[in-house]
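Below you'll find the structure, written out as structure tokens, and then a few comments.
The values are calculated or read from the model by the stated rules, or taken from the named source; none is laboratory data. None of these values were measured; they are calculated from a predicted model. Glycine gets a Cβ as well: all are built from the backbone with ideal geometry, and neighbour counts include every protein chain shown. Heavy atoms of the whole protein, side chains included, go into the accessibility calculation; ligands, DNA and RNA do not. Shrake-Rupley method; radii C 1.70, N 1.55, O 1.52, S 1.80 Å.
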Amino acid sequence: MNRRERLMATLRGKKVDRPPVSFYEITGLEETEDNDLFNIYNDPSWAPLIKLAAEKTDRIVRCSIDFSHTPDFLDEFSRIVTWYEKGSFFTRRIITIGGRELTAVSRRDPDVNTVWEIEPLLKNPADIKTFLELPVFEYRGKPEVEPFLKIEEEIGDTGIVMVDTPDPLCLAASLFEMGEFTIAAMTEQKLFHQLMERFTALLYPKTEAIAQALPGRLWRIFGPEYASSPFLAPQLFREYVVEYDTSMVNTIHHEGGFARIHSHGKLRDILDDIAATGCMGLDPIEPPPQGDVELRYVREKYGEQLVLFGNLEANDITNLPTKEFAVKVRKAIAEGTAGERKGFVLMPSGAPYGRRLPPLALENYEKMIEIVHEQT
């Protein structure tokens, strides 16, 4: 089987010659070699891993879909100010609504592959009420699928391209600092639902348009982890995830697609609810102590419905001696492929995000490939 065939058979619950293996964010395509000071992958230490991902992994390339004539949901109401300070890049968003200002500030550092939200846009229930005075976000234009199709053509039979989308909870919760989000979600449920409904008005029709334009593709829906333990109780996971994400999953599946739920951390108390969305896949199923459930348990109880993506912890890639890491890789493969159930994709929960890739990390990635290819 070629790599694309292997992944598509896995998604369909068919037998494969070996389990697919993905490096998640590292695909050998998304890591550009430009001169951007904030691109950590320019460091030569990454080159062997990027090459390994391109040549040896079953590539799942993430791609978000833009819409023609539809700006970012907040940009048309915002004033954006940017500046550099001590080598870092800062962005301030200012929204003026009815005489009040809502502000948010983010920072990006050159040696770390992430954006830090150092001031959230919404800080209390009064800010939610102010935010809700904005005009309802409108869906306009059509999905720009050409970049997606170009990536598919470029990677050919070496993998697949995956539609990447937030859910309504992600769009709402990410406007807060985590502590303030949990308080608002627990104590202002009616108000928080109103906030989420603002995003469904935009997100649902976008999902339908993309699913129709790109039928039969894998999707990753991210955001449910905001409502997982220890942040919110399972009842609120049902309110804020199942109630909203089920519609997205149904839309994707109606067009022949494959909807995968992304949720880090503790899963045991919400696995029934994740399954209740009707999704066909789950990632990254982190092992204890980062998670709270073994992969074997998930496979046995939910393997008839779910293709499982995981179950390696990203920190183990950079910290565990290779001999110990190999034990975890073999355990994940054995548990993830046990029994006559749906498929399994060996995958870490994330990737190193510092500018220099540690030699141990490269060694452990190489060990993943070696062990997977032993399965043929």
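Assorted remarks:
- Any chance residue 122 is modelled with pLDDT of 95 or more and under 19 Å from residue 72 (Cβ atoms): yes
- If you go through segment 14-29 and keep only what is small (Gly, Ala, Ser) and more than 17 Å from the chain's Cα centre (by Cα), you end up with just 28.
- Those helices (runs of 4 or more DSSP H) of segment 165-214 in which 3 or more residues are farther than 15 Å from residue 237 by Cα occupy 178-187, 189-213.
- Options 11, 7, 29; residue that is open to solvent by 20 Å² or more (accessible area, probe 1.4 Å), in contact (Cβ under 8 Å) with a residue 40 or more places away in the chain, aliphatic (A, V, I, L, M) and at negative phi: 29
- Hits in segment 304-348 - residues which are closer than 25 Å to residue 376 by Cβ and hydroxyl-bearing (Ser, Thr, Tyr): 322, 337
- The residues of segment 116-163 that are of a type in the set (Asp, Glu) and open to solvent by 30 Å² or more (accessible area, probe 1.4 Å), listed by number, are 117, 119, 133, 138, 144, 146, 152, 153, 154, 157.
- Filter result for residue 78 (farther than 21 Å from residue 368 by Cα and either touching a strand residue (DSSP E or B) at 6+ places or on another chain (Cβ under 6 Å) or of a type in the set (Lys, Arg) (or both)): yes
- Matching residues, segment 220-230, being modelled with pLDDT under 95 and either outside any loop (DSSP other than H, G, I, E, B) or open to solvent by 50 Å² or more (accessible area, probe 1.4 Å) (or both): 230
- Of the residues making up segment 175-186, those that are in contact (Cβ under 8 Å) with a residue 24 or more places away in the chain and either open to solvent by 20 Å² or more (accessible area, probe 1.4 Å) or more than 16 Å from residue 243 (Cα to Cα) (or both) are 175, 176, 177, 178, 180, 181, 182, 184, 186.
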